[in-house]
Amino acid sequence: QGLASQELLARSGITEARKRLGADPVQWLFRQTGQCWGHERYPGDQWQGLQVFAVDGALFRTQDTAELREHFGSGNTSTQRQTPFPMLRLVALMNVRSHTVVDAQISPYRRGEIPLATSFLSQLPDRSITLFDKGFWSADLLLTLATQGESRHWLIPERKNIKRETLAVYGKNDALVRMQVSPQARKKNPALPEYWDARQVSYQVKGGMKTVLTSLPVEQYSASDIAKLYQERWEIELGFRDIKSSMQQNAVTLRSKKVELVYQELWGLLLTYNIIRREAALAAIAFERSPSQIRFKPVCQYIAVQLIVMAGSNPLSGTGRRLSELRAGVGSLFLERRSRPTTPRTVKISKTRYPVDRNAAPLK
């Protein structure tokens with residue numbers, strides 16, 4: 001807008017260029033930069049000497065075409081009916097303190113999160129702690145993580161109705177428990193032991209009790225510190241929100257209509273997210289602040305506008321100076337911590353004003 005000239009390419013030319021490029025180069029570039037930037041160290045990015053990571057998954061909708069539905073599949077429903085949109089699954093490994101996505105796996109909906117997360121184990125450095133959601137409960141995954149490398153620990157919520165035996169009590173709501181490895185897991189991986197031990201920590205939240213299991217030893221890490229650390233797992237959820245909401249401007253679905261271009265679009269979103277996060281992190285360090293204190297959405301919008309302005313600026317030799325000015329501008333977009341309301345929010349139940357056809361035919 002406002003920059004139209006005879007020198008600009010037609011929009012159709014960009015579309016054809018995307019088709020020629022494909023998804024592989026964008027995926028390769030994301031992985032190369034993510035593995036480099038995701039392991040960069042910043043002041044204060046450690047938790048008691050350990051680098052903090054998180055693993056979680058997210059779902060994305062695609063356009064409803066026969067090709068995409070055939071490849072990506074449909075989400076689960078309570079009946080045999082299909083969801084209105086095809087779905088794909090993203091599982092990501094994130095550096096919690098810098099919010100950089102170190103690695104990711106994209107697959108059709110029907111593939112599980114645990115097999116996708118297994119590929120991240122080699123990316124985790126020594127002296128690190130990885131936070132998991134309860135959907136990643138797997139003795140194979142957790143034991144492999146802890147045994148491959150030095151001081152690589154994990155933290156995950158307990159699984160309901162799991163049988164355990166208390167071996168030792170370290171204090172109130174802090175104990176060592178023993179659990180049995182399922183026969184199915186041992187059949188897939190014969191190297192797994194019959195039993196495995198973990199530390200069990202319980203803490204109170206919103207009037208109830210929450211329990212997490214971890215490999216952190218009691219001699220070095222207190223139960224209260226572990227309970228506080230697990231709250232940081234929510235940072236990866238905020239990263240997914242930034243990608244879905246801030247970068248896509250609340251778009252419900254991805255815009256590409258071809259399988260190859262859907263992969264390319266999502267790898268491009270992850271790559272762009274990392275570029276913005278790293279620029280914000282470097283700006284925060286220059287201002288002696290933490291990377292997590294930068295407001296992502298204003299930074300995303302600010303960088304997008306500045307790049308458009310820089311594209312038409314002269315002379316070209318001033319690009320380095322303009323990039324330095326861009327980082328200075330990013331450094332002014334810090335979060336202002338506000339106190340939370342003392343009373344919980346309440347909402348009214350919203351109902352559609354249109355009748356619901358419960359006997360509608362399933363989607364094909």
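Please report, in whole Å³, the volume per residue of the convex hull around the C-alpha atoms of the chain. The partial results should precede the final answer.
Values: hull volume 77.3 nm³, N = 364.
In the chain, the Cα hull volume divided by residue count equals 212 Å³.
Give me the net charge for the shell around residue 51: Cβ to Cβ below 13 angstrom, other residues only, Lys and Arg +1, Asp and Glu -1.
-1
Can you compute the FRET efficiency between residue 197 and residue 319 using 1/(1 + (r/R0)^6), with r the Cβ-Cβ distance and R0 = 56 Å? Round to the nearest 0.05.
Efficiency computed from Cβ-Cβ geometry: 0.50.
Which residue, 22, 329, 312, tops the fluctuation ranking in a GNM of the chain built on C-alpha contacts under 10 Å?
Taking springs between Cα atoms under 10 Å, the residue moving most is 312.
Based on the Cβ-Cβ distance of residue 286 and residue 225, what FRET efficiency does E = 1/(1 + (r/R0)^6) give at R0 = 41 Å, to the nearest 0.05?
0.85
Assign one of three labels to region 74-171, namely rounded, prolate or oblate, based on the Cα gyration tensor with a ≥ b ≥ c the square roots of its eigenvalues; rounded applies when a/c is under 1.5, prolate when it is not and a/b is larger than b/c, and oblate otherwise.
Oblate shape, in that a/c is at least 1.5 and b/c is the bigger or equal ratio.
Mind jotting down the distance between the C-alpha centroids of region 26-95 and region 176-239, whole Å?
23 Å
Using 0.36 nm per residue, how much length does the chain from residue 134 to residue 204 gain when fully extended, once their Cα-Cα distance is taken away? Walk me through the intermediate numbers first.
Values: separation 70, 0.36 × 70 = 25.20 nm, distance 1.77 nm.
Value of the extension gain: 23.4 nm.
Sum up the charges of everything whose Cβ sits under 14 Å from the Cβ of residue 204, counting Lys and Arg as +1 and Asp and Glu as -1, but leave residue 204 out.
Details: positive: 172, 206, 210, 228; negative: 174.
That sum, taken over residues with Cβ under 14 Å, equals +3.
With contacts defined as alpha carbon pairs under 8 Å and 6 or more residues apart, what's the relative contact order of the chain in percent? Working shown, then result.
Working: 522 pairs, mean separation 61.9, N = 364.
Worked out over the chain, it gives 17 percent.
What is the gain in length, in nm to one decimal, between residue 21 and residue 301 on full extension, counting 0.36 nm per residue of separation less the C-alpha to C-alpha distance?
Additional length available on full extension: 98.2 nm.
If the cut-off is 29 Å between C-alpha atoms, which lysines fall inside it for residue 172, apart from same-chain ones fewer than 8 positions away?
In chain and number order, the partners are 134, 160, 163, 206, 210, 228.
By the gyration tensor of its Cα atoms, with a ≥ b ≥ c the square roots of the eigenvalues, what is the shape of region 164-296: rounded for a/c under 1.5, prolate for a/b over b/c, or oblate?
oblate
How far, in nm, would the chain grow between residue 46 and residue 12 when pulled straight, counting 0.36 nm per residue and subtracting the alpha carbon separation?
So the chain would gain 7.5 nm between residue 46 and residue 12.
Under a Cβ-Cβ cut-off of 12 Å, what is the net charge of the residues other than residue 281 that fall near it, where Lys and Arg count +1 and Asp and Glu count -1?
Taking every Cβ under 12 Å from that of residue 281, the sum is +3.
If R₀ is 45 angstrom, what is the calculated FRET efficiency for the pair residue 162 and residue 252, using the beta carbon separation as r and rounding to 0.05?
Details: r = 37 Å, r/R0 = 0.82.
E between residue 162 and residue 252, to the nearest 0.05, is 0.75.
GNM, the chain, Cα, under 10 Å: largest mean-square fluctuation among 265, 237, 288?
Answer for the Gaussian network model of the chain: 288.
Among 253, 15, 62, which one shows the biggest mean-square fluctuation in a GNM of the chain, springs joining Cα atoms closer than 10 Å?
15
State which helices in the chain qualify, where a helix is a whole DSSP H run, it must extend 30 Å or more along its own axis by its Cα atoms, and its mean Kyte-Doolittle hydropathy must be at least 0.0.
Going by DSSP H runs, the hits are 259-286.
All of the numbers you see were taken from the coordinates with simple rules; none came from a lab. The structure displayed is predicted, hence computed values, not measured ones. Using ideal geometry, Cβ is built from the backbone for each residue, glycine included, and neighbour counts are taken over all protein chains shown.
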